[in-house]
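First the structure, in the form of structure tokens, and then the observations on it.
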Amino acid sequence: MTEVSEIMTAPVYAVSPRDNVARARNLMLRYGVSRLVVAEGNTLRGIVTRKDIGSRLSQAEPQWRRRPIDQIPVDLVATHDVFTVKPDAQIQDVASTMLCHDISGLVVYDSEIRGIVTKHDMVKYFTLLGSPLRVGDMMSEKVVTVSRHHTINSVIDIMAENGVDRVIVRDGGPAAAYAGMVTLDDLGFATMDFRDTKPIKEAHRMVQGGPKMLRGFREAMMVAEDVMSTPLVSVNRGTKALDAAKLMLEHNYDMLPVIDSELLGEFSVESILKWLSEARE
């Protein structure tokens, strides 16, 4: 049986509770990680993720939303009730814990911080195990879509209403082509204030058929197409599950839409965790 110490990421990147959000964000961008351990020495104080930075600041009191992120302490946005596992924990149990508590990472801890195991590590492990299954055998039919013209606030509300942290962006009506994907991570790192606006150029012609002259700018709310990941990477029902998992790793995605002329569902990290939680090595 495989133990978590065999697949965990170590050492971990850490910040202190007194570090500011700007430092945490910069560390995530610099090292390509989506979570940091919050610690004082070897004492675990919490964990902070990209999702935490985006969602917590959007829900914070107005005085925090208006404050520059280099003046906001990590402790304000971090999760303090951290799930931990011991280095000898079994992969099957780790997958079950992630699914049960809807968490994307566990700190590996005994007397000190040993490492961290993430959904990304679990997907990588799945690709090494081997499986004869196809995407259609593992996919979920639940998938949420938004228009490319939905405002960021609307996207956040739709995610909350449906209990998801990612949505597929469509070009028009339900049968139209799909343009990209927006995740809560994208929202957190695209802007630190979801009420941000963007300048829109306005122009007019002095005479009919003449050249356009810049009249000025107006402010417009940011919308889904401003922050979505594009082009959209997708799979079909017949794609091998292992190939789909490798695509997820290549693009650092938590989910791939399943499209066979129409959007059928999604193949996700949760699909893989469910299989790992039930599989016997």
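The values are calculated or read from the model by the stated rules, or taken from the named source; none is laboratory data. Given the structure is predicted, the values throughout are model-derived calculations rather than measurements. Ideal geometry is used to build each Cβ from the backbone, glycine not excepted, and the neighbour counts take in all protein chains shown. Side chains are part of the model used for accessible areas, which takes the heavy atoms of the whole protein and leaves out ligands, DNA and RNA. Shrake-Rupley method; radii C 1.70, N 1.55, O 1.52, S 1.80 Å.
The figures follow:
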read-out	value
Every pair of residues 6+ apart whose Cβ atoms lie under 8 Å, when the first sits in the stretch 244-256 and is in the same structural domain as V233 (by the TED database) and part of a loop (DSSP other than H, G, I, E, B) while the second is open to solvent by less than 40 Å² (accessible area, probe 1.4 Å) and of a type in the set (K, R)	D254/K119; D254/R166
Test: residue in the stretch 45-64 that is modelled with pLDDT under 90, surrounded by fewer than 15 Cβ atoms within 10 Å (Cβ to Cβ) and among the hydrophobic types (A, V, I, L, M, F, W, C)	no
Any chance D75 is assigned by the TED database to the domain that holds A22, touching a strand residue (DSSP E or B) at 6+ places or on another chain (Cβ under 9 Å), modelled with pLDDT of 95 or more and farther than 27 Å from A244 by Cβ	no
Residues satisfying the stated conditions in the stretch 123-140, i.e. part of a helix (DSSP H, G or I) and either touching a helix residue (DSSP H, G or I) at 6+ places or on another chain (Cβ under 6 Å) or among the charged types (D, E, K, R) (or both)	V123, K124, F126, T127, V135, D137, M138
Condition check for I156: more than 20 Å from M255 (Cβ to Cβ) and touching a residue at least 40 places away in the same chain (Cβ under 8 Å)	no
Number of positions in the stretch 219-238 that are assigned to a helix (DSSP H, G or I) and open to solvent by 30 Å² or more (accessible area, probe 1.4 Å)	2
Residues being closer than 26 Å to K51 by Cβ and buried (at least 18 other Cβ atoms within 10 Å of the Cβ) - total across the stretch 239-252	4
Any hit, the stretch 106-119, residues being open to solvent by 40 Å² or more (accessible area, probe 1.4 Å), outside the structural domain of D185 (by the TED database) and closer than 27 Å to M181 by Cα	no
Tabulated pairs, the stretch 40-66, first outside the structural domain of I152 (by the TED database) and closer than 14 Å to A78 by Cβ, second among the charged types (D, E, K, R) and at pLDDT 85 or above, C-beta under 6 angstrom, 6+ apart or interchain	I47/R35; T49/R35
Subset of the stretch 18-49 (residues that are in contact with an Asp or Glu (Cβ under 8 Å, 6 or more places away or on another chain) and either more than 20 Å from D81 (Cα to Cα) or in a helix (DSSP H, G or I) (or both))	V21, A22, R23
Filter pass, R148 being open to solvent by 40 Å² or more (accessible area, probe 1.4 Å) and within 19 Å of the chain's Cα centre (by Cα)	yes
Candidate set: the stretch 261-280, residues that are assigned to a loop (DSSP other than H, G, I, E, B) and over 13 Å from E141 (Cα atoms); chosen: the one most open to solvent (accessible area, probe 1.4 Å)	R280
Conditions (1) polar (S, T, N, Q); (2) assigned to a helix (DSSP H, G or I); (3) open to solvent by 40 Å² or more (accessible area, probe 1.4 Å); (4) assigned by the TED database to the domain that holds N20: number failed by N153	(4)
Of all residues making up the stretch 80-95, the number that are open to solvent by 50 Å² or more (accessible area, probe 1.4 Å) and not in a loop (DSSP other than H, G, I, E, B)	2
